Amino acid sequence: MRALALGDSYTCGEGVEPAHRWPVQLARALRDGGVDVGEPHVIATTGWSTEELALGIAAAQPLGTYDFVTLGIGVNDQYRGHTTAEYRAQLSPLLDTATALAGGRPDHVLMLSIPDWGVTPFARNEGRDSAQIAREIDAFNDVARSMCEARRIPFVDITPASRERGDADAMVVADGLHPSHAMYARWVDVALPVAHRLLGDTA
């Protein structure tokens, strides 16, 4: 099966080897579980917001259709101080695009929640307000969750996993901000049962 991964630094795996990106780890885990999915095609760049991801997808066309599409986007919208209303307006067409790229099958799209970077050593060293970051990320995730539910797109909440041990050195790369392969593996543990349920019948 053809897989497509859409997102930002968390999807392209800033600071980790390509094999350690979470979509690549997820595809490998799916194959280990008997689901014949190929290496995902990745459209993601560090720093991308929802708007920039949409432009990136447009620039990559024609893409055709995929059997499985993952989406993880929004942290840079939050980081730049965008409102939840702005995020909702930008995310809506992205969800439509992801569904179209999955052949019009919303149940073959999986959206990941925004992780909480406020718990990282980077945020601590920068003197950031972790409580405020947490509130904002929760609000953004509430928007994404409700929009996914309305479209019947599976939404996987990895934010609690990002907060648990997110300040540990082993869970971030050298910049103290972006997740390590070990943190991505924790995300995959959360996403794998959902992905397997979605794709198992088509394996």
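The values are calculated or read from the model by the stated rules, or taken from the named source; none is laboratory data. Bear in mind the structure is a predicted one, so any value in this text is a computation, not a measurement. Please note: Cβ atoms are built from the backbone with ideal geometry, for glycine as well, and neighbour counts cover all protein chains shown. For the accessible areas, the whole protein counts, side chains as well, though only heavy atoms, and no ligand, DNA or RNA atoms are used. Shrake-Rupley method; radii C 1.70, N 1.55, O 1.52, S 1.80 Å.
One table, with the values for the structure above:
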{"item": "Unique residue being at positive phi and not β-branched (Val, Ile, Thr) when the list is 72, 56, 64", "result": "64"}
{"item": "Top-ranked residue in segment 166-185 [being without any contact (Cβ under 8 Å) to a residue 40 or more places away in the chain and surrounded by fewer than 19 Cβ atoms within 10 Å (Cβ to Cβ); ranked as nearest to residue 122 (Cα to Cα)]", "result": "168"}
{"item": "So residue 85, is it surrounded by 22 or more Cβ atoms within 10 Å (Cβ to Cβ) and not in a loop (DSSP other than H, G, I, E, B)", "result": "no"}
{"item": "Any hit, segment 88-95, residues being small (Gly, Ala, Ser), closer than 30 Å to residue 63 by Cβ and touching a helix residue (DSSP H, G or I) at 6+ places or on another chain (Cβ under 6 Å)", "result": "no"}
{"item": "Identity of the residue in segment 1-36, in contact (Cβ under 8 Å) with a residue 60 or more places away in the chain, farther than 23 Å from residue 76 by Cβ and surrounded by fewer than 22 Cβ atoms within 10 Å (Cβ to Cβ), that ends up farthest from the chain's Cα centre (by Cα)", "result": "34"}
{"item": "Test result for residue 110, buried (at least 19 other Cβ atoms within 10 Å of the Cβ) and touching a strand residue (DSSP E or B) at 6+ places or on another chain (Cβ under 8 Å)", "result": "yes"}
{"item": "Any chance residue 145 is basic (Lys, Arg), surrounded by fewer than 22 Cβ atoms within 10 Å (Cβ to Cβ), touching a strand residue (DSSP E or B) at 6+ places or on another chain (Cβ under 7 Å) and modelled with pLDDT of 95 or more", "result": "yes"}
{"item": "Within segment 67-81, tally of residues that are outside any loop (DSSP other than H, G, I, E, B), open to solvent by less than 50 Å² (accessible area, probe 1.4 Å) and closer than 30 Å to residue 128 by Cα", "result": "7"}
{"item": "Residue match in segment 179-197 (condition: in contact with a His (Cβ under 7 Å, 6 or more places away or on another chain) and modelled with pLDDT of 95 or more)", "result": "yes"}
{"item": "Out of 47, 64, sole residue that is closer than 22 Å to residue 104 by Cα, open to solvent by 10 Å² or more (accessible area, probe 1.4 Å) and in a loop (DSSP other than H, G, I, E, B)", "result": "64"}
{"item": "Residue in segment 41-53 that is out of contact with any helix residue (DSSP H, G or I) (no Cβ under 7 Å at 6 or more places or on another chain), modelled with pLDDT of 95 or more and farther than 21 Å from residue 157 by Cα present", "result": "yes"}
{"item": "Any hit, segment 124-136, residues being outside any strand (DSSP E or B), closer than 18 Å to residue 191 by Cα and touching a residue at least 40 places away in the same chain (Cβ under 8 Å)", "result": "no"}
